[in-house]
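S.K.: Submitted below is the structure of interest, expressed as structure tokens.
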Amino acid sequence: MDFLFTEEQTMLRDSVARYLDKTYDFDARQALLRSEAPYSKAAWSQFAELGVLALPFPEDVGGLGGSVIDLVPVAEVFGEHLTVEPWAFALTLAGGALAATGNHAAAHKHLADLISGASLGAFAYDEHRGIATPAQIAMTATPSGDGFALNGQKRLVFGAAEAGFMVVAARSAGQPGDTQGLVLLLVDPRAPGITMTPFRTQDGRSAAHVRFDKVSVAGADVLAKDAHDLIAKLISDAILALAAEAVGAMGALLRITGAYATTRKQFGVAIGTFQTVAHRLADMKIAHAKAYASLMYSTALAEAGRLTARDVSVLKAQVGKMGRSIAEAAVQTHGGVGMTDELSVGHYLKRVLAFEAMFGAPDFHFRKIGSSAA
Amino acid sequence: MNIEFGPELESFRQEVAAFLDTAPTPAIREAGRKTTSVFAPFEEAIAWQKILNAKGWAAPAWPKEYGGTGWSVEQRYIFAEECRRRQLPPLLPNCLQMVGPMLIDLGTEEQKRKHLPPILAGDVYWTQGYSEPNAGSDLASLQCAAVSDGDDYIINGSKIWTTLAHHANRMFMLVRTDKTGKKQEGITFLLLERTDYPGMDIRPIIGLDGFPEQCEVFFDNVRVPKSGRVGAENDGWSVAKHLLKHERGGSAASPALLHSIARIREAAKTTQSPFGGALADDAVFQRDLGELEADILSYRHFEQLAISGHPMVKDAAYPSMNKTMNSELSQRVSIMMTRVSGIETVPLQLEALSVGSNVAPLGSDFDLIAMPYYLNTRATSIYAGTNEVQRDLIARTVLAANR
């Protein structure tokens, strides 16, 4: 057994880290958030230049022939820097859907544009107050001509307003709860009948709620029918990538909070000398170690093609729970200054809470694990 | 990354499994089922050690030249995993995991020749004399004194939490030989070749579960030979620290924890929920069990990283994190067991718990051990350095990273 990244994977991670260290420190990120820009176009081009955007795609469409596993070490660095670029959604979900659909001319063109950094993809999945499993998808795709007509609303679609293409997960048959009857559709974000309500997320990303009113999708743009398993695979990849990002954020929180407890003095001594504070730091380190171990183990399972839905539930729930506990402990340890926008800790808190809320909260995954044996 | 153990290790696993399926006697199996603490019932643990020793497997972690297996870290983990999976009684750790490895590293040739073979064979049992009534977490403040007298030391004082001392015929201990300097610098490590020296009095302590496991040992002018000293006089603290030193991949606690989760899940199927139906189908129970199992799985992943030799094991906090995680998980498992057993935890069943007893449990085997296991498991966050001490050590590494 080994749980180490290859030299190649490590080199790419180091290149990304060097670039972000130079250009994407916390102050630069703050300036970016105060601007009108949804994310840094310069950073996005650099990610393309470094090959990050090509990583998980097959070589015949211009990718580097890797997989989501290769994104994990890079994602940790993205998490440390709290990057706001929608890489995880564009690559693992929107791009992943295109890459999985085989010979499809439009899909290949969009994928090439995604890899080159020329265009962005969005994945319209969430609905209501969140979707824990693909079977819960309710938005309808009604058969129309040789394709479908879309009606309803998708929520929290990352990068929707900036995207050159959108992949929509919808239901063409059955009821929410059925694994049957799901389709993946390629949609032009500027198609008639689409209304977007764009917003910035709590953790600094650009997203939108997207309303579909009789949006017609041609038969040629049906990427997949009977798409449940494919959607589940895409979500599993996204969870792995976003968990890596969250674990990177957790590592940063541990480091930052340890440094603060070493230098911040009250009652004439560093606050880290108080046992209550010290033990909170110890618990943060334990939580990080568990989350990190599950991330590495899950990555190795994915590489072996053995990552089950139950394994993904463990990763999602544990990283969500540990992320919250570490971030809340970090804010508490920083005291009043931890409550301010000008310190990074609160921004890390918001990033890990966004991860916790998406793709099924810990309670859902814990109950799933508890209700069935391995 | 590579998740697989590889075909050679998988065939090793089959070899181990075949032996473990046939070798233990019914009494040994019963002792495994009735083990409610880290120390299995004494007689059966020794009997099992003798069977394993005949196979050459009593000391997985010892070097081959001393009668160990010479197994790799992965092989040792697989062996431990297969033992836990069958709920076999763990071998008593004091000899095979503590005094034995310490002697291999620090003992004289004479001490090794004399002590290692009977330890391996299970012919002797060594109890550990470290703690004292006034020296627990602050072990270095120990006061039990040894005064030099020719070729002997004369010991006065007492030791406590000497595990199974009432079964022991050997004792390794820390004594104070100098009261003048730093408290760590006046401690000496001694091997006692008897536990029935004149002036030595062993009194079992009845534990919360109603059984004697720990003891108190009193020394009243006990004369012991200096040849039993390990290391130099007043250098016992470094010997003790060496003994406590964690070895890479030393822990294989997750298989037993996961085995318990499986038993809890089974027991909950036949337990009624007060809301109707089986407890196993209760939403709150499922959520809580899942939360615990997920946390055990994260710990299992942590263990797997450790046995693979991942750089995290070089972190000075690693042994303390490992101890804190597995002790607190076992406590949470024990709480979950009592939650399922409910009022069946209330009857005191000392006789049914004894190996070979003809008194049947009042309820299921699961209910029989739930409360004693819960009670004994309170100790896991107290022994081997309280979890408060462990958290101090962990926090030190977080703070030191910034100094």
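The values are calculated or read from the model by the stated rules, or taken from the named source; none is laboratory data. For clarity, every value in this text was computed on a predicted model and none was experimentally measured. Cβ atoms come from the backbone with ideal geometry, glycine included; neighbour counts cover every protein chain shown. Heads up: the accessible areas ignore ligands, DNA and RNA and are worked out on the full protein's heavy atoms, side chains in. Shrake-Rupley method; radii C 1.70, N 1.55, O 1.52, S 1.80 Å.
S.K.: Kirkwood hydrodynamic radius, segment A:7-119, all distinct C-alpha pairs: what's the number in Å?
M.R.: 14.4
S.K.: Indicate the residues belonging to segment B:271-302 that lose 50 Å² or more of solvent-accessible heavy-atom surface (probe 1.4 Å) upon moving from the chain alone to the assembly of all protein chains, ignoring ligands and nucleic acids.
M.R.: SASA drop of 50 Å² or more in segment B:271-302: B:Gln286, B:Arg287, B:Glu291, B:Ala294, B:Asp295, B:Ser298, B:His301.
S.K.: So what's the net charge close to A:Gln180: Lys and Arg +1, Asp and Glu -1, counting the other residues with Cβ under 13 Å from its Cβ?
M.R.: After counting each charged neighbour, the total is -1.
S.K.: Can I ask one more? Quick one: divide the alpha-carbon radius of gyration of chain B by 2.2 N^0.38 Å and tell me what you get.
M.R.: So chain B has a normalised radius of gyration of 1.03.
S.K.: Based on the alpha-carbon gyration tensor of segment A:47-92, what equivalent-ellipsoid semi-axes (square roots of 5 times the eigenvalues) come out, in whole Å, largest first?
M.R.: 19, 10, 9
S.K.: If one takes the longest principal axis of the Cα atoms in chain B, at what angle in degrees, from 0 to 90 and to the nearest 10, does the Cα axis of helix B:365-377 lie?
M.R.: Roughly 40 degrees between the two axes.
S.K.: If you don't mind, another one. Leaving ligands and nucleic acids out of the surface, order B:Tyr153, B:Tyr374 by accessible area at 1.4 Å, largest first.
M.R.: Listed by decreasing accessible area, they come as B:Tyr374, B:Tyr153.
S.K.: If you stretched the chain out fully between A:Asp178 and A:Ala259, how much longer would it get, using 0.36 nm times the residue separation minus the C-alpha to C-alpha distance?
M.R.: So the extension gain works out to 24.2 nm.
S.K.: For the protein assembly as shown, build the convex hull from the C-alpha positions and give me its volume per residue in Å³.
M.R.: Spelled out: Cα convex hull of the protein assembly as shown, divided by residues, is 178 Å³.
S.K.: Could you tell me the calculated FRET efficiency between B:Phe275 and B:Arg85, based on Cβ-Cβ distance and R0 = 35 angstrom, to the nearest 0.05?
M.R.: E between B:Phe275 and B:Arg85, to the nearest 0.05, is 0.55.
S.K.: Can I ask one more? Calculate, for A:Arg200 and B:Gln111, the FRET efficiency according to 1/(1 + (r/R0)^6) with r their C-beta to C-beta distance and R0 41 Å; round to the nearest 0.05.
M.R.: E(calc), rounded to 0.05, equals 0.05.
S.K.: Decide, for segment B:271-362, between rounded, prolate and oblate: order the square roots of the alpha carbon gyration tensor eigenvalues as a ≥ b ≥ c, take rounded if a/c falls under 1.5, and otherwise choose prolate if a/b is larger than b/c, else oblate.
M.R.: Cα axes put segment B:271-362 in the oblate bin.
S.K.: Same structure again: Obtain the nm distance between the two label points defined at A:Thr340 and B:Arg332 by a simple spin-label model: each point lies 7 Å from its Cα along the Cα-to-C-beta direction.
M.R.: Rounded to a tenth, the inter-label distance reads 3.6 nm.
S.K.: Students often get this wrong: which residues of segment B:76-114 have the backbone nitrogen under 16 Å from the point 7 angstrom along Cα-to-C-beta of B:Glu266?
M.R.: B:83-89
S.K.: Direction-averaged shadow area of the convex hull around the Cα atoms of chain A, nm²?
M.R.: Hull-based average projected area comes out at 18.9 nm².
S.K.: If I take the Cα coordinates of segment A:168-258 and project them onto the principal axes, what are the three extents in Å, biggest first?
M.R.: Per principal axis, max minus min of the Cα coordinates gives 55, 29, 23 Å.
S.K.: Work out the FRET efficiency for A:Glu36 and A:Asp188 from their Cβ-Cβ distance, taking R0 = 25 Å, and round it to the nearest 0.05.
M.R.: The computed FRET efficiency comes out at 0.55.
S.K.: On to the next question. Along each of its three principal axes, how wide is the spread of alpha-carbon positions in segment A:278-374, in whole angstrom units, largest first?
M.R.: 44, 23, 22
S.K.: Subtract the Cα-Cα distance of B:Ala316 and B:Ala283 from 0.36 nm times their separation in residues, and report this length gain in nm to one decimal.
M.R.: Stretched fully, the B:Ala316-B:Ala283 segment lengthens by 7.8 nm.
S.K.: At B:Ser227 and B:Ala400, where each label point lies 7 Å from the Cα along Cα→Cβ, what is the point-to-point distance in nanometres?
M.R.: So the two model labels end up 4.1 nm from each other.
S.K.: Same structure again: Can you compute the modelled spin-label distance between B:Lys179 and A:Ala118, with each label point 7 Å from Cα toward Cβ, in nm?
M.R.: Computed distance between label sites B:Lys179 and A:Ala118 equals 8.8 nm.
S.K.: Same structure again: What area, in nm² and to one decimal, does the C-alpha convex hull of segment A:122-226 cast on average over all directions?
M.R.: Across all orientations, segment A:122-226 yields a mean hull projection of 6.1 nm².
S.K.: Please report, largest first and rounded to whole Å, the three semi-axes of the ellipsoid equivalent to segment A:224-343, where each semi-axis is the square root of five times an eigenvalue of the C-alpha gyration tensor.
M.R.: Taking √(5λ) for each Cα gyration eigenvalue gives 36, 14, 9 Å.
S.K.: Keeping all protein chains in the complex and leaving out DNA, RNA and ligands, what accessible area do you get for A:His209 with a 1.4 Å probe, in Å² to the nearest 10?
M.R.: 40
S.K.: For chains B and A, what's the summed buried accessible area, probe 1.4 Å, to the nearest 100 square angstrom?
M.R.: Adding both sides of the contact gives about 4200 Å².
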